[in-house]
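Only the coordinates and a few stated rules stand behind these numbers; no lab work does. Bear in mind that the values here come from a model prediction, so they are computed numbers and not experimental data. Cβ placement follows ideal geometry from the backbone for every residue including glycine, while neighbour counts extend to all protein chains displayed.
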Amino acid sequence: MDTKLVLPGDLIGERKGRRFGRGTFVEGENVYSAVLGIPRASEVEISVIPMSGVYLPVMGDRVIGTIKSVEVSGWTVDINSPYTAFLPLAEAVDEYVDTSREDISRFFDVGDVIFCRISKVTKGMNVQASMRDMMSRKLFSGAILNVTPSKIPRIIGKAGSMVQLIKQKTKCDIYTGQNGLVWIRGDDKAKAIETILMIERESHLKGLTEKVEKMLG
Amino acid sequence: MGKKSDVQLIVDGKRTDGRAPEDVRPISMRLDVVSRANGSAEVSFGKTTAVAAVYGPRTLFPRFMQESDTGIIRTRYNMAPFSVVDRKSPGPDRRSTEISKVVRLALEPSIFLEDFPKATIDVYVEIIQADGSTRVTGINAASLALVAAGAPMKDMVTAVSVGKIDDTLIVDLNGTEDQNSQSDVAVAIMPRTDRITLLQMDGVLTKDEVMTVLSFAKENCHKINEQQKKLLLEKYTGE
């Protein structure tokens with residue numbers, strides 16, 4: 001990864017019919033950066049990976065959330081973002097539940113940590129979460145680490161290679177949420193945390209995998 | 001204000017602190033001075049020092065302030081009681097309320113607020129040492145802090161003050177000059193497009209002088225902006 005960085009207002013290049021994605025804006029035919037980050041220009045899309053910033057939910061993201069409150073037919077979930085997500089009962093539980101008789105806190109209660117998917121985001125930033133897939137689950141015990149959301153792909157690595165490496169070497173269970181939260185459980189937790197924080201710090205530099213390998217021995 | 005000063009503030013083309021009329025005081029900038037903020041910066045123009053901290057985008061409370069189609073920006077400009085020679089009584093007053101507003105209006109055009117409906121970006125500007133030109137120093141610090149916080153922006157905002165003393169136009173007024181000036185203009189621009197986001201004038205200037213003031217301001221803003229950019233890039237490219 002080269003270290004060329006752009007600042008807000010910096011010209012990235014001509015649009016040439018390409019899509020302009022996250023962290024960019026267009027004036028006339030030129031695409032400019034809107035954030036401090038690493039520019040990515042391909043044949044089809046121009047975008048900038050920001051170096052900092054809060055998490056804004058996007059449909060399809062897998063996130064780690066904490067249950068904030070239990071409602072009549074669902075839960076509000078804190079997803080480490082300016083916006084909270086709503087997890088409807090039907091998106092979380094397979095069995096039939098009579099909400100007039102039963103308290104749904106037996107499924108998820110305030111403070112529970114879940115790994116879920118963002119299933120819907122409206123223009124007004126009403127966010128809906130879903131647990132209707134194989135990966136989604138409740139996470140028990142463990143520690144949650146807060147990193148910059150845009151660095152999560154780097155922690156995961158190409159096809160999950162980096163996180164696999166950490167899992168293997170430290171024998172920890174690790175879940176990475178695209179909202180910048182990493183959930184870790186295992187005996188060698190400290191080492192995993194140390195490694196992930198190092199990746200966050202040096203995510204824009206070269207030779208990260210080698211460094212991680214060396215660090216984990 | 002508006003008339004010539006009693007004391008001679010420009011002698012042999014040199015100002016009280018030895019600067020030439022078009023010189024800016026030595027500038028120092030630092031990032032990440034407030035650890036719990038999303039982005040923060042400290043900027044000094046000579047003795048004037050401002051610390052800016054940016055929080056958010058974050059959920060906006062009270063809820064009635066939320067706008068369903070856009071985010072908002074809230075700013076607070078505050079002078080510390082110890083920032084001036086005679087202790088300033090703490091808390092907001094007429095002056096700081098006004099400056100809070102003009103700082104907000106200076107920053108607002110640069111930010112893509114529509115990217116985060118119902119949310120807010122909170123900008124806190126604390127003047128910890130005041131020696132003239134505090135609002136422009138505050139804007140420069142706030143702009144750095146916003147970029148560091150990762151807020152989506154069209155451009156950075158850079159500001160400088162230009163004034164008139166003994167019929168000479170001077171750049172970046174210090175405290176003494178500020179009190180004895182014939183005129184004092186605060187200018188903030190977005191350097192890429194040279195769009196003006198803040199223009200406040202005290203005192204009297206002719207039309208020609210105003211045009212000169214603007215060209216001085218733009219020229220110096222570009223120089224300051226180069227420093228701002230350099231600092232931000234250095235944060236990630238090492239030393």
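Taking the Cα centre of each part, how many Å lie between segment A:148-174 and segment B:11-37?
Cα centroid of segment A:148-174 versus Cα centroid of segment B:11-37: 45 Å apart.
Quick check for segment A:143-216: number of Lys pairs with alpha-carbon distance under 18 Å, counting only pairs 8 or more apart or on different chains?
Taking the Cα cut-off of 18 Å, the pair count is 22.
Which of the trypsin sites (Lys or Arg not before Pro) found in segment B:13-63 are in a DSSP loop and have at most 15 neighbouring Cβ atoms, other than their own, within 10 Å?
Qualifying residues, ordered by number: B:36, B:47.
If we count other beta carbons within 10 Å of each Cβ, what is the order of B:69, A:61, fewest first?
B:69, A:61
Count, for each residue of A:5-14, the Cβ atoms from other chains sitting within 10 Å of its Cβ, then give me the mean as a whole number.
5
Taking the Cα centroid of segment A:1-72 and of segment B:183-212, what is the distance between the two, rounded to the nearest whole Å?
With segment A:1-72 and segment B:183-212 each reduced to a Cα centre, they are spaced 34 Å.
Less than 24 Å apart at the alpha-carbon level, and either on another chain or at least 8 residues along: which lysines does that give for residue B:164?
B:3, B:4, B:14, B:47, B:207, B:218, B:223
If you filter segment A:88-120 for chymotrypsin sites (Phe, Trp or Tyr not before Pro), then keep DSSP loop positions with at most 13 other Cβ within 10 Å, what is left?
Listed in order of number, the matching sites are A:96.
Starting with the fewest neighbours, write out A:200, B:98, A:43 ranked by other beta-carbon atoms found within 10 Å of each beta-carbon.
Sorted ascending by nearby Cβ count, the order is A:43, B:98, A:200.
How much net charge surrounds residue A:142 when only other residues with a Cβ under 10 Å from its Cβ are counted (Lys, Arg +1; Asp, Glu -1)?
Details: positive: A:185, A:189; negative: A:173.
Charge balance in the 10 Å sphere: +1.
Using the Cβ atoms and a cut-off under 13 Å, what net charge is assigned to the surroundings of residue A:122, where Lys and Arg are +1 and Asp and Glu are -1?
With Lys, Arg at +1 and Asp, Glu at -1, the neighbours total +2.
Below 8 Å, C-alpha to C-alpha, sequence gap of six or more: please give me the relative contact order for segment A:1-154 in percent.
Reported relative contact order: 19 percent.
For segment A:1-87, run through the trypsin sites (Lys or Arg not before Pro) and keep only the ones in DSSP coil with at most 13 other Cβ atoms within 10 Å of their Cβ. Write down the numbers at each step before the final one.
Details: sites: A:4, A:15, A:16, A:18, A:19, A:22, A:40, A:62, A:68; in loops: A:4, A:15, A:16, A:18, A:22.
Here the sparse-neighbourhood loop sites are A:4, A:16.
Using Cβ contacts closer than 10 Å as the measure, can you line up B:167, B:122, A:98 from fewest to most?
Working: B:167 9, B:122 18, A:98 6.
Starting with the residue having the fewest Cβ neighbours, the order is A:98, B:167, B:122.
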